[in-house]
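Below you'll find the structure, written out as structure tokens, and then a few comments.
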Amino acid sequence: MIEQDFEVIYREFRLRLYKQIFGVIGEKAGSLSATEFFCVEVVYLLGNPTITEFAEYLNISSPNAAYKVKSLMEKGYLTKEQTSDKRSFRLGVTKKFLDYYHATESYGAFITRMLEKRLKNDELKEAEKIFRHYVEQIKLESAKAQKDNQD
């Protein structure tokens, strides 16, 4: 039963997230396409990756990644900063993207508010424990994947 319930919750989260994203994207001049938005968001979520890391994460070719990065830099949503060893560049998002990205409240704040309305204090604390456990598991798996990639 937990699997079915989680699928319902996950589906609803995704639908609401996509609705929020498309609300932010809009149809105005200079706005990002959905693909561009997701590319910049991946850079943001990865936390200043190199172009190679960005390409590998999305499983796209380096030339394709470089093309996307160049286009997003020209539109003012990404920056490239040379690393201290001057051998590569790290990608970053601009204030323009952050303003665009957080045009409305964060999705996490929306979910938290929804849970606070529905759950009693002790239930909310139990949910927090479950989420914390899940976050710790994600971090462990991420660290393991990074270690495996380095070996």
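Peptides 122-130, 65-73, ordered by how many other C-beta atoms sit within 10 Å of their residues on average, highest first, read 65-73, 122-130. Near Asp5, once Lys and Arg are set to +1 and Asp and Glu to -1 for all other residues with Cβ below 13 Å from its Cβ, the sum equals -2. Look at the dipole of the stretch 2-151 built from charges on Cβ: of Asn64, Phe110, Thr94, the Cα furthest out on the positive end belongs to Thr94. For the chain, the equivalent ellipsoid derived from the alpha-carbon gyration tensor has semi-axes of 32, 22, 14 Å in decreasing order.
The lysines whose alpha-carbon is closer than 23 Å to the alpha-carbon of Lys70, local same-chain residues fewer than 8 away aside, are Lys28, Lys80, Lys86, Lys95, Lys96. As a calculated quantity, the FRET efficiency between Gln20 and Asn59 at R0 = 30 Å, using C-beta atoms, amounts to about 0.75. Charges were assigned to the Cβ only: +1 to each Lys and Arg, -1 to each Asp and Glu. The resulting dipole of the stretch 2-118 about its Cα centre is roughly 360 debye.
Rule-based calculations on the coordinates, nothing more; no lab input. Fair warning: this is a prediction, and the values are worked out from it, not measured in the lab. Backbone-built Cβ (ideal geometry, glycine too); neighbour counts: all protein chains shown.
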